[in-house]
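The values are calculated or read from the model by the stated rules, or taken from the named source; none is laboratory data. Here the structure is a predicted model, which is why all the values come from computation and not from measurement. Cβ atoms come from the backbone with ideal geometry, glycine included; neighbour counts cover every protein chain shown. Only protein heavy atoms, including side chains, enter the accessible area calculation; ligands, DNA and RNA are left aside. Shrake-Rupley method; radii C 1.70, N 1.55, O 1.52, S 1.80 Å.
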Amino acid sequence: MGLIYEGISKAIALLAGFDPEVLSITWLSLKVSGTATLVSLLLGISSGTLLALADFPGKRLLVSVVNTGMGLPPVVVGLFVTIFLWRNGPLGFLEILYTPTAMIIAQAIIATPIVTGITVASIQNLPGNLKLQILALGATRWQMVRILIKEARLPLLAGVMAGFGGVISEVGASIMVGGNIKGYSRVLTTATVMETGRGNFDVAIALSVILLLLCFAINYLLTRIQQRERPR
Amino acid sequence: MNGNPLLLEVRNLRVVRGGVQVLDVPSLDLHEKEVLSLIGPNGAGKSTLLLTLACLLQPTAGKIRCRGEIITSGRATFDYRRRLAVVFQEPLLFDATVYENVAAGLKIRGMTRGEVRKRVMETLELFSMAYLADRSARKLSGGEAQRTSLARAFAIRPEMIFLDEPFASLDPPTRQALTEDLERILGETGTAAVVATHDQLEALRLSDRMAVVNHGRIVQSGPPVEVMNRPADEFVASFVGMENVLSGNVVTCCEGMLTLMVMGRSIELPGIASPGEPVVFCIRPEHITITTSDPGGATSARNVFPATIRKMVTMGVYHKLHLECGFPLVACLTHQSLGTLHLEEGKQVFASFKATAVHLIRVGNVSHEHTHHRHLTNAQEDRSPCQPSKKPEK
């Protein structure tokens with residue numbers, strides 16, 4: 001128990017003292033996972049909407065594949081991104097392995113199926129005749145898609161939360177493609193793994209508390225938006 | 001039909017879904033300012049026809065013309081859709097305020113803010129719901145929501161409006177109020193309309209013309225009063241409330257009057273048919289008079305039968321009497337007459353009806369396209385000729 005207590009007081013000290021290293025690690029975590037989430041929203045909402053509205057043979061199979069992708073193990077993603085970005089890999093010429101960019105790529109790959117899957121479900125959950133109603137109001141196909149996404153905005157917020165929650169907390173891919181380089185590609189999760197390995201439980205606990213607070217703050221914000229719009 | 005120019009012209013329209021033909025309409029017209037109602041049981045193809053007319057569903061074959069132009073392809077479809085409006089059974093409102101909902105079609109058309117505002121306020125006034133403008137669509141009652149949906153449709157000033165069971169999920173008073181408003185607004189704006197409904201009273205009230213749809217085909221089309229009183233076949237008869245559909249054989253035919261034999265009783269009615277011919281005829285329960293003593297010469301009704309009351313069913317303000325007078329007959333009575341006549345089950349009474357109250361359907365008449373279906377449901381093959389045909393649906 002003493003260990004936890006010590007860790008928490010250390011965390012408070014680190015936070016209160018605005019430790020520059022902790023701040024930069026926190027900021028990088030936010031930046032990498034935030035960017036990855038944005039990328040996944042762009043890809044996931046568009047492909048999810050397309051998937052929900054289009055009708056083609058093999059659609060169910062594809063939706064099942066996407067839904068499976070929602071549980072994609074980060075280490076597997078990390079492995080494949082590493083292979084692709086390796087010096088003599090297919091994308092080795094980009095020379096971005098062990099950079100925050102590589103981490104964003106890996107995290108976006110993890111979050112995209114999550115956002116896509118939730119988008120498919122959200123759009124398909126809208127009333128069946130809504131699409132026809134919008135077309136009957138004179139909308140072009142593009143206007144119809146925009147209105148449908150707008151109508152599905154509340155369940156889509158759940159997609160944002162799930163996507164962001166998935167990547168800010170993952171460690172496997174980040175450590176593999178980012179390398180946990182001090183002051184460059186070290187984020188909250190990779191730093192926690194390292195400090196735990198070194199036996200610096202107090203620092204590890206401090207980092208974990210920060211990670212939890214960060215997750216909570218972001219989700220609280222999104223939930224507020226979601227609940228404010230919900231009917232009472 | 002109403003002398004106005006032709007607005008919509010449908011020819012040889014067919015819709016096949018999953019290998020099954022769900023719609024087959026050789027010809028259907030809609031004139032300007034005309035209100036056409038499509039009535040029929042659930043699953044008859046009313047909605048499919050309506051959505052196809054609105055170009056929201058691609059027909060398998062056939063042509064739809066709007067003012068002479070074919071509208072079933074590409075750009076023409078899009079232009080056509082901007083001239084119409086559709087209201088569904090569910091309000092399908094957007095998750096926004098009433099104002100935003102009514103403005104939706106106008107914003108889609110790229111109208112300026114000022115124009116939108118003016119038009120929305122006008123439309124809300126028309127539907128007497130300006131006070132609801134800022135209310136969230138989620139907080140509306142069922143009636144208010146459907147009213148908003150109607151306002152959203154009328155805001156774009158459509159040339160024609162398609163309504164698919166618009167009031168089916170509302171409670172009776174709300175339905176009544178909305179039907180009245182719709183009737184008024186259709187009249188004021190002169191918008192042509194097609195209303196799909198299974199409620200014959202709603203159809204009667206709103207429409208200039210009624211088309212009865214069954215099994216994807218238009219079985220009969222004409223002015224509502226004609227369809228209600230002169231159904232083309234047994235299906236239409238039972239659907240429009242002709243509860244007494246009976247069959248018999250022609251005995252004599254002279255000077256436009258027929259004598260039929262029904263279970264040993266003779267019935268007189270106007271019509272032309274050859275002696276020996278089997279026919280079907282129907283009588284509305286409202287047209288049957290009940291007396292406790294033989295009216296004899298006191299009535300102009302040509303058909304008087306002693307009858308036994310088999311069953312009495314209360315339908316709120318009126319009562320339905322199931323009678324046995326050699327053949328079964330259903331009559332309607334008000335609560336008041338029931339009291340004055342001291343009627344009860346098992347009591348002997350006299351049922352009378354005028355010859356002109358009987359509508360003849362000639363079984364051999366094959367001018368309708370649903371002969372196949374008729375033969376399937378016609379009672380004659382497997383039942384005694386005097387039992388009423390039951391409704392072919394359900």
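Could you tell me the distance between the Cα centroids of region B:261-326 and region A:169-192, to the nearest Å? Here the two parts' Cα centres lie 91 Å apart. B:Met121 contributes about 60 Å² of solvent-accessible surface, heavy atoms of the protein only, 1.4 Å probe. With bins 10 Å wide beginning at 0, the percent of Cα pairs of the protein assembly as shown falling in each bin runs 3, 13, 17, 16, 14, 12, 9, 6, 5, 3, 1, 0.
Per residue of peptide B:97-108, the mean number of Cβ atoms on other chains within 10 Å of the residue Cβ is 2. Excluding same-chain neighbours fewer than eight residues apart, the lysines reachable from B:Lys107 by a Cα-Cα span under 30 Å are A:Lys131, A:Lys150, B:Lys33, B:Lys118, B:Lys139.
Extending 7 Å from the Cα toward the beta-carbon at both B:Glu125 and B:Thr291 defines two label points whose distance is 5.9 nm.
Computed over neighbours whose Cβ is under 12 Å from that of B:Asn101, the net charge equals 0, Lys and Arg +1, Asp and Glu -1. Derived value for region B:113-234: Kirkwood hydrodynamic radius 15.9 Å. Basis is the mean of 1/r over every pair of different alpha-carbon atoms.
List the DSSP H helices in chain A whose Cα atoms stretch 24 Å or more along the helix axis and whose mean Kyte-Doolittle hydropathy is at least 1.0.
Details: long enough: A:20-53 (48 Å, 1.31); A:100-124 (35 Å, 1.46); A:201-229 (42 Å, 1.28).
Flagged H segments are A:20-53, A:100-124, A:201-229.
The rule of thumb for compact globular proteins, 2.2 N^0.38 Å, goes into the C-alpha radius of gyration of region B:239-377 1.11 times. Among the residues of A:125-134, the average count of other protein chain beta-carbon atoms within 10 Å of the residue beta-carbon is 5. Other residues lying with their Cβ under 12 Å from the Cβ of A:Met103 contribute a combined charge of +1, Lys and Arg counting +1, Asp and Glu -1. Each principal axis of chain A carries a Cα extent, and these read 64, 53, 26 Å when sorted largest first.
Quote the Stokes-Einstein diffusion coefficient, in whole µm² s⁻¹, for region B:6-229, based on the Kirkwood radius over alpha carbon pairs, a temperature of 20 °C and a viscosity of 1.002 mPa s. Working shown, then result.
On the way: Rh = 17.9 Å.
My calculation gives 120 µm²/s for D.
Take the alpha carbon atoms of region A:8-32, find their center, do the same for region B:123-170, and report the distance between the two centers in whole angstrom. When both Cα centres are located, 55 Å separates them.
Net charge within 11 Å of B:Asn303 by Cβ-Cβ distance, Lys/Arg positive one each and Asp/Glu negative one each, not counting B:Asn303 itself? Please list the in-between numbers first.
Details: positive: B:Arg265, B:Arg302, B:Lys354; negative: B:Glu268.
Around B:Asn303, the surrounding residues sum to +2.
Each listed q (0.12 Å⁻¹) maps to a log10 I(q)/I(0) for region B:66-154, found by the Debye formula over equal Cα scatterers with no solvent: -0.40.
Taking every residue in B:88-96 and counting other chain Cβ atoms within 10 Å of its Cβ, the average works out to 5.
Using Cα centres only, tell me the gap between region B:11-63 and region A:76-115 in whole Å. Taking the Cα centre of each part, region B:11-63 and region A:76-115 sit 54 Å apart. Taking all protein chains together and a 1.4 Å probe, the residues B:Lys118, B:Lys311 rank B:Lys118, B:Lys311 from largest to smallest accessible area. Modelled label positions at A:Glu21 and A:Arg153, each set 7 Å beyond Cα in the direction of Cβ, lie 4.4 nm from each other.
With the convex hull drawn around the C-alpha atoms of chain B, the volume per residue stands at 172 Å³.
Taking every C-alpha pair closer than 8 Å and separated by at least 6 residues, the mean separation divided by the residue count of region B:235-305 gives a relative contact order of 31 percent.
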